[in-house]
Amino acid sequence: MADTQQANHPHSAHDAHGHGEHAHASFAHPMAPRMLLGVFAALIALTIITVVAANFPLGRWEIVVSLTIATIKASLVVLFFMHLWYDKPFNALIFVASLAFVALFLGITLIDSREYQPEIEQRTIEHVTTEVAAPAQ
Amino acid sequence: MASIVEPEAAATHDHHGDHPEFLAHHFETPQQQYDTGKLGMWLFLIQEILFFSGLFVAYAVYRANHPEIFVYAHQFLDKSLGAFNTVVLLLSSLTMAWAVRDSQLVNNRGLIRNLAITIACAFLFLGVKAVEYSHKWDIGLYWASKFAPTAEHHGGSMILFWLCLPFILISVALIAATVVSKQKNYEQGYRFYGILALASVAFFVGVGCGFVVPAVAGSDSHGPAHVEEHAGESDHHVVATHADPAHALADDVESPRNAGIFFSIYYVMTGLHAVHIIGGVIALAWLLWRALKRQFQAEYFGPVDSVGLYWHLVDLVWIYLFPLLYLIH
């Protein structure tokens with residue numbers, strides 16, 4: 001997509017200047033109203049689905065379902081409202097790279113997060129016992 | 001400016017042989033300027049993503065270790081208000097995307113209209129948020145060690161009043177600026193302040209929605225009325241065991257240890273998000289000012305596009321915050 005736009009550039013840039021109000025620069029990619037409204041409708045529908053789904057007891061799948069829906073919504077926003085689908089691949093690469101680092105950050109921290117939990121729980125129990133034994137204030 | 005451009009560059013890259021006013025002298029073409037700006041914006045946005053991810057990691061670790069706190073605490077969050085604000089932000093994203101389209105097509109009227117709606121949505125969002133925060137603070141749902149849920153809805157609207165005060169002052173100042181501009185026949189200022197004044201009134205509409213939406217939705221969470229009901233039920237058995245009425249609600253729903261940390265996470269995440277909304281309003285007002293001056297052209301819409309990207313990112317953060325904070329079971 002980006003390549004064809006660049007190839008066309010010299011000519012269409014000329015046109016954009018030459019013509020009236022509704023011509024646009026070659027590197028502009030105005031989204032069709034139909035597309036904008038379609039994405040918006042999908043986002044609203046997904047919001048309704050996620051609220052309705054929250055009423056069902058899905059147990060441990062609940063977080064998976066709600067985050068999957070959130071990710072679909074986020075993808076719609078990023079690809080269409082933020083134009084990443086039509087943007088230079090390099091910008092998409094930057095964005096995806098940041099997600100990779102977030103995944104790394106989250107994943108490695110979670111692996112380690114229960115490391116000291118037994119000690120913390122032990123300490124908490126002792127702490128509570130002392131609090132109960134001693135009259136509070 | 002045109003004299004700085006090398007003749008060769010001017011001949012090959014610029015069909016008029018001059019440098020357009022909007023084009024910074026170190027760029028050869030409008031497209032180069034646009035692409036560079038956009039690259040810079042994306043680099044800023046990924047920094048924002050990584051910045052917010054620290055909070056999401058804090059959330060994930062705490063939820064993984066203490067799921068019971070999240071199950072307990074989510075009942076204090078009003079699902080209907082969270083959903084309402086999600087729709088408000090999605091609508092603002094639509095109008096923002098439309099504003100970008102208008103700027104690309106040099107439809108200045110459309111651009112101004114869509115920027116105004118986007119700003120109004122931001123104020124609406126903040127108004128609902130003010131009601132949510134004040135309800136929580138009214139029943140003692142503070143952060144970390146300050147967390148002390150109480151059945152009594154003490155003070156009530158005073159906290160809401162203090163949260164509203166800055167917005168009352170902003171609205172009054174904008175209305176005053178509009179009137180003064182009108183009297184001095186300062187057209188640009190009259191339109192700019194007038195539009196902002198109208199948009200800022202949306203904050204108070206948001207405050208109204210904060211009360212109306214949960215009532216209409218028949219929300220199951222602890223609105224003020226619901227809390228009082230609970231207090232009434234629990235009074236009989238609680239008073240006998242606990243002399244301290246502050247523990248009535250806590251006792252009623254078995255507040256787990258360190259439940260306040262959920263609210264620390266909640267306030268930092270939503271608060272930081274709200275700060276981003278306020279920052280977005282300032283950036284949008286800047287665009288509105290420039291749009292009123294007709295500064296955006298067929299080959300110069302980069303600023304609108306960049307602020308749009310930022311605004312969508314703020315929406316993106318909320319898209320995750322909503323299910324993670326409000327829709328827990």
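Where a number appears in this text, it was derived from the coordinates with a stated rule and is not lab data. Because the structure is predicted, anything quoted here is derived from the model rather than measured. All Cβ positions, even for glycine, are placed from backbone atoms using ideal geometry, and neighbour counts span all protein chains on display.
For residue B:184, the lysines whose Cα falls under 30 Å of its own Cα, not counting residues fewer than eight places away in the same chain, are B:293. If the cut-off is a Cα-Cα distance under 30 Å, which lysines reach residue B:129, setting aside same-chain residues fewer than 8 apart in sequence? Those lysines meeting the cut-off are A:73, B:79, B:146.
The distance between label points at residue A:60 and residue A:116 comes to 2.7 nm (points 7 Å beyond Cα on the Cα→Cβ vector).
Per residue of B:315-324, other chain Cβ atoms within 10 Å of the residue Cβ number 6 on average.
Packing order of peptides A:39-51, A:88-100, highest average first: A:39-51, A:88-100 (average count of other Cβ atoms within 10 Å over each peptide's residues). Lysines within cross-link reach of residue B:38: Cα-Cα under 19 Å, excluding same-chain residues under 8 positions apart? Within the straight-line limit of under 19 Å, residue B:38 reaches these lysines: A:88. Sparse packing (at most 12 other Cβ atoms within 10 Å of the Cβ) combined with a DSSP loop state is found for the following trypsin sites (Lys or Arg not before Pro) in region A:34-137: A:60, A:114.
Between residue B:165 and residue B:18, the FRET efficiency estimated from the beta carbon spacing at R0 = 56 angstrom works out to 0.60.
Site pair residue A:108 and residue B:186 shows an inter-label distance of 5.4 nm when each label is modelled 7 Å from Cα along Cα→Cβ. Binning all Cα-Cα separations of region A:25-128 at 10 Å, short to long from zero, yields these whole-percent fractions: 12, 26, 28, 20, 9, 5, 1. Counting, for every residue in B:74-81, the Cβ atoms of other protein chains within 10 Å of its Cβ and taking the mean gives 1.
Rounded to the nearest 0.05, the FRET efficiency derived from the C-beta distance between residue A:75 and residue A:44 at R0 = 25 Å is 0.95. For the residues of A:73-85, the average number of beta carbons from a partner chain within 10 Å of their own beta carbon is 5. In this simple spin-label model, placing a label point 7 Å from the Cα along the Cα-to-Cβ direction at both residue B:275 and residue A:94 gives a separation of 2.3 nm.
Residue order for B:257, B:63, fewest other beta carbons within 10 angstrom first, comes to B:257, B:63. Counting neighbouring beta carbons within 10 Å and listing from fewest to most, the residues B:135, A:29 come out as A:29, B:135.
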